[in-house]
Amino acid sequence: MATQKVGGEVDAQCTRCKMNLAHTILAMVGPKIVRVRCNTCGGDHAFRGAAGVTDRPTKASTTRAPRAASSSGGSTRAEKVVISFDEQLAGKDIASAPKYSPKDTYKVDQVLHHPTFGVGLVTAVRGDKVDLTFRTDTKTLVHGRGGPPTDKPVFSPPTNKHTGPADKPQAEPPPEADLAAETSLPSGD
Ligand SMILES: [Zn+2]
């Protein structure tokens, strides 16, 4: 490697020309070139080494290539609906969409009419819950609550028997009770 000095020439990537060009060394820190002037455009800029040369191992350049965030997935809200709401509703019989009622049971792809959210499309059914896409929002609502009256699972708790008769010694009455009873006896003659 030829010794480089301020005022000398070096090949470097010009930030303006975006090319590998001859530059005049303007400043060095120890053996390292820190600032150069492009011989082509005359612009001063930090030395970047000869980047952009593909058939040569780059020397300490390209350390901060802007990372295009193109990695697949990962973002939580990536799976936004691609098709517009109207497109989703296309072909659906909105006119006869039933009114939403938690007592009815819905199935995927069904259109219904919610008093607050308007027309909605069922996108998923999970047990007694339905995911609905409305024009402005998605909601999870309950459904299928109108069936047999098994609202709550009948669930008989183990009935704790009241401590049965006499097989356990109950708490004895405090001894004073006896005494008191005795002393309070009317001792009349
Ligand atoms: Zn230049």
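Some notes on this structure:
- Consider the stretch 1-16 and keep the residues that are within 16 Å of the ligand (Cβ to nearest atom) and open to solvent by less than 40 Å² (accessible area, probe 1.4 Å). The one that is farthest from ALA46 (Cα to Cα) is VAL10.
- Enumeration of residues in the stretch 17-47 that are near the ligand (Cβ under 8 Å from one of its atoms) and hydrophobic (A, V, I, L, M, F, W, C): CYS17, MET19, LEU21, CYS38, CYS41
The values are calculated or read from the model by the stated rules, or taken from the named source; none is laboratory data. The structure presented is a predicted model; accordingly, all values stated were derived computationally and were not measured. FYI the Cβ positions are ideal-geometry reconstructions off the backbone, even for glycines, and counts take in every protein chain you see. The area values use the complete protein model at the heavy-atom level, side chains included, leaving out ligands, DNA and RNA. Shrake-Rupley method; radii C 1.70, N 1.55, O 1.52, S 1.80 Å.
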